[in-house]
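A short write-up of the structure that comes next.
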Amino acid sequence: MSERESGLPGRGMNLRELECFLAVVDHGGITRAASALYLAQPSLSQIIRRLEADLGIDLFRRVGRGLVLSPAGEAFVGPARQVLRDMANARSVAAGYRGLEGGRVDLAISASLTSSFLAAWVGDFRRKHPKIALRLTQHDGDTDEIATLIRSGAAELAYTVGPISRQGIECRHIGQGEILLALPLGWGDDLPDPVPVEMLAGLPFVVDRGFGQRYLATIRDTHGIEPDIVVDISESGDLLPLLAAGAGAALLPMRQAMEARRRGATLRMLDPAPARDIYAITPTSPLTPQAQAFLDLSIGNLERWHRAVGERRARGMTLLDAAVDADNVIESAYQQLHGNWYRRRESE
């Protein structure tokens, strides 16, 4: 009787086998996983078969020439990720004494936050920690989806615009962002600043199916106003090109509005002034040093932005003028830092 037939454990699985198993899961099959791992397909298939033999279960069902996770395989994904994360954490603790010289941060971020914050955070983080890789997953803000990403280990750190209350998950409010009205070039010369919310009635809008739709629904429910949605898109990243092309107005978070302004959009504050909360979602267990470093950086980034705007408002600037001036200064500093970083990399 074989070890598998007897139900007795074999020689014991190793971390490489777990990495290979998760690569097949994440890449959707042997072919793409083998390419990502720089392995021959037969070698990867043999590793998976060996892991199944060691565990005494079938992790995949063979369907034609492809693989589909079995129920046992689905149940194994979370523990496998946790084993690798625990080992990475142990290694990272040791690496922390040498500085953050490697590893990876698994992030999940709300689609409505992606363009307005993530690029700045990632760019800043990569300049400070060039040897740490990042893996990004976008989520639509669904509470169950975020909880699943954190609990399964698919993400160690998530950012969202709403609070989450789940066992084993920690939710931390890290900041708030203002919301502005962005208008295509040539629009809005007759609009006051700030624009009363009532004047949004009938204004043509481009919205994404996340933040934009939710906020316009809030305006409709709270103020009884029916904005005219003329373009409805699924991805927030497609919004700014449509705005620049004159397809319609948009409601944007402050940082994304600054990017729209650089593309020629006209910005107006709203009255009453709306705001959007930002939350960091983590497991209750300690974060790896890499993830903690990214979380600290994102909080610091938000605090610097609000401090820069606050200092300018204290000098008598309006919120919009303060944000524009702070954005110009920060953008110039980022460009200088990027140039210095690139020249340094070229000389290495």
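The values are calculated or read from the model by the stated rules, or taken from the named source; none is laboratory data. No experiment lies behind these values; they were computed from the predicted model shown. Quick reminder, even Gly has a Cβ in these numbers, built from the backbone with ideal geometry, and neighbours come from all protein chains shown. For accessibility, only protein heavy atoms count, side chains too; no ligands or nucleic acids. Shrake-Rupley method; radii C 1.70, N 1.55, O 1.52, S 1.80 Å.
Give me the extension gain from Ser285 to Ala72: residue separation times 0.36 nm, minus the current Cα-Cα distance, reported in nm with one decimal. Please report the intermediate quantities before stating the final value.
Values: separation 213, 0.36 × 213 = 76.68 nm, distance 2.54 nm.
Separation in residues times 0.36 nm, less the Cα-Cα distance, equals 74.1 nm.
What are the residues whose amide H is under 5 Å from the amide H of Phe205, where those residues sit 5 or more places off or on another chain and H is modelled from the backbone?
It is Asp228, Ile229, Val230, Val231, Ala249, by chain and number.
Fully extended, how many nm does the chain gain between Ile174 and Ala36 (0.36 nm per residue separation, minus their Cα-Cα distance)?
46.2 nm
R0 = 45 Å: FRET efficiency of Asn14 with Arg263, Cβ-based, nearest 0.05?
0.30
Length gain on complete extension for the stretch Arg104 to Ser234, per 0.36 nm per residue less the alpha carbon to alpha carbon distance?
Extra length from Arg104 to Ser234 when fully extended: 43.9 nm.
Count charges around Thr282 for me, please; just the other residues with Cβ under 14 Å from its Cβ, Lys/Arg as +1, Asp/Glu as -1.
0
What FRET efficiency comes out for Arg166 versus Arg313 if R0 is 56 angstrom and r is the Cβ-Cβ distance? Round to the nearest 0.05.
0.90
List every residue whose amide H lies under 5 Å from the amide H of Ile169, counting only residues 5 or more places away in sequence or on a different chain, with H placed 1.01 Å from N in the peptide plane.
Thr284
Any chance you could check the Cα centroid distance between the range 15-29 and the range 263-300 for me, in angstrom?
Cα centroid to Cα centroid, the span is 31 Å.
Taking 7 Å along the Cα-to-C-beta vector as the label spot, tell me the Asp325-Asp142 distance in nanometres, rounded to one decimal.
Label at Asp325, label at Asp142, 4.6 nm between them.
Measuring with a 1.4 Å probe in the full set of protein chains, what accessible area per residue, in whole Å², belongs to the range 157-286?
Using a 1.4 Å probe on heavy atoms only, each residue of the range 157-286 averages 44 Å².
Quick check: the distance between the Cα centres of the range 151-177 and the range 187-258, to the nearest angstrom?
If we compute the Cα centre of each part, the gap is 27 Å.
Around Leu185, which amide H atoms from residues at least 5 apart in sequence, or from another chain, sit under 5 Å from its own amide H, with H modelled in the peptide plane?
Placed amide hydrogens put Thr266 under 5 Å from Leu185.
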